[in-house]
Amino acid sequence: MNQPAKEEWEMDTPAHLVKVLQWEAERLMPYLSTLLPDAWSRPSACDLWEVRDVVGHLTWMAERFRGTVSRAVRGDVSPPAGSPSGGTSTQAGRRAFIARQAMARRESLGDQLLPTFRAQMDQFIMLLEQLGPQDWEKLSYSARRLVPLWSYPYLTIQEIALHAWDIRSRFDPAARLSVESLPALVQGIVLQLGPPWDAAFGQDAGLSLPVRSRWEVTGVVPGRHDIVGEDGTCRIEAASATAAHIAFRGDTETFVLLIYGRLTLELAIASGRLISEGEPGLIAVFERWLRGA
């Protein structure tokens, strides 16, 4: 397993993202093969999912993504069988659908779960490696809206890297997200913020103005970002001169784990991973917004 060089994983071209994805998948497979049988039924950090459910989800995801990308290359943006048309489902509906598929897949595969996961990921990565410059801008199906094919390496790195952490962290509290995937995970936040995280953030806070949270991110992917909640939607943008209602400072991994719902603001602040400034009431509202509550 060859780790991407630093100058490689800092690049965000689709070809380099596919290399990072392959490295992340190759890193996960041997780890899963070392788990004892009873470990597969232990709870993961992904809410309500056991380790085997997470792997069932990743197996289903790889199979689904491969079919979606294959159709998109041919100009077909129709949804996979059994899926709603893009933009017609709710966040709660998508979560329930994904959970049903994950558990159905792991139940049907039984002791063939891991080899099937490996085979599906290999086939999907092989497909991505075959795409050329003329393919990456083609539109493809997603549950929320049509997206260009270049978004799929980001989406898959997000799935593999975060769910690998969901599994590893249950056995090793010191488990970390891989440094190699952090740039793609941060960029994935920039690409995706909005749905499915839309919430009436400003209304919950009792404010008619946009609610602006400022994030000073340090470490692997340093930067200053504003996450703004307004009129039931949210967006991320470069930090502006506008005063923020609340401000946070922490490293890249903490930022990623918070936004993707793996770490609570309360725990991050209490443990010293995150420094916060601003009205306590707004921090509580932001915590609920992160959880989708």
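The values are calculated or read from the model by the stated rules, or taken from the named source; none is laboratory data. Source: prediction; values computed, not measured. Don't worry about glycine lacking a Cβ; one is built from the backbone with ideal geometry, like all the others, and counts go over all protein chains shown. Only protein heavy atoms, including side chains, enter the accessible area calculation; ligands, DNA and RNA are left aside. Shrake-Rupley method; radii C 1.70, N 1.55, O 1.52, S 1.80 Å.
If you go through the stretch 256-284 and keep only what is under 21 Å from the mean Cα position of the chain (by Cα), in a loop (DSSP other than H, G, I, E, B) and either more than 24 Å from L162 (Cα to Cα) or not polar (S, T, N, Q) (or both), you end up with Y260, G261, R262, L263, R273. All of I269, I259, I275 fail the test of being of a type in the set (V, I, T) and buried (at least 17 other Cβ atoms within 10 Å of the Cβ), apart from I259.
Within the stretch 99-122, restricting attention to residues that are surrounded by fewer than 20 Cβ atoms within 10 Å (Cβ to Cβ) and of a type in the set (G, A, S), the residue that is modelled with the highest pLDDT is A119.
Scanning the stretch 235-255 for residues that are modelled with pLDDT of 95 or more and open to solvent by 40 Å² or more (accessible area, probe 1.4 Å), we see that the one that is nearest to the chain's Cα centre (by Cα) is D251.
G232 passes every criterion in (1) farther than 20 Å from A92 by Cα; (2) modelled with pLDDT under 90; (3) out of contact with any strand residue (DSSP E or B) (no Cβ under 7 Å at 6 or more places or on another chain) apart from (1). Of the residues making up the stretch 52-108, those that are within 20 Å of the chain's Cα centre (by Cα) and among the charged types (D, E, K, R) number 8. Residue count for the stretch 22-69 satisfying the condition of being surrounded by 14 or more Cβ atoms within 10 Å (Cβ to Cβ) and assigned to a helix (DSSP H, G or I): 30.
Can you run down the residue pairs with Cβ atoms below 9 Å, 6 or more apart or on separate chains, where the first is in the stretch 170-186 and free of Cβ contacts under 8 Å to residues at least 40 places away in the same chain and the partner is outside any loop (DSSP other than H, G, I, E, B) and open to solvent by less than 70 Å² (accessible area, probe 1.4 Å)? Pairs found: A175/A164; A175/W165; A175/I167; A175/R168; A175/S169. Could you please let me know if V77 is of a type in the set (A, V, I, L, M, F, W, C), touching a residue at least 60 places away in the same chain (Cβ under 8 Å), within 22 Å of L128 (Cα to Cα) and not in a helix (DSSP H, G or I)? In short, yes. The set of residues in the stretch 78-98 that are under 17 Å from F65 (Cα atoms) and loosely packed, with under 12 Cβ neighbours inside 10 Å comprises A81, G82, S85.
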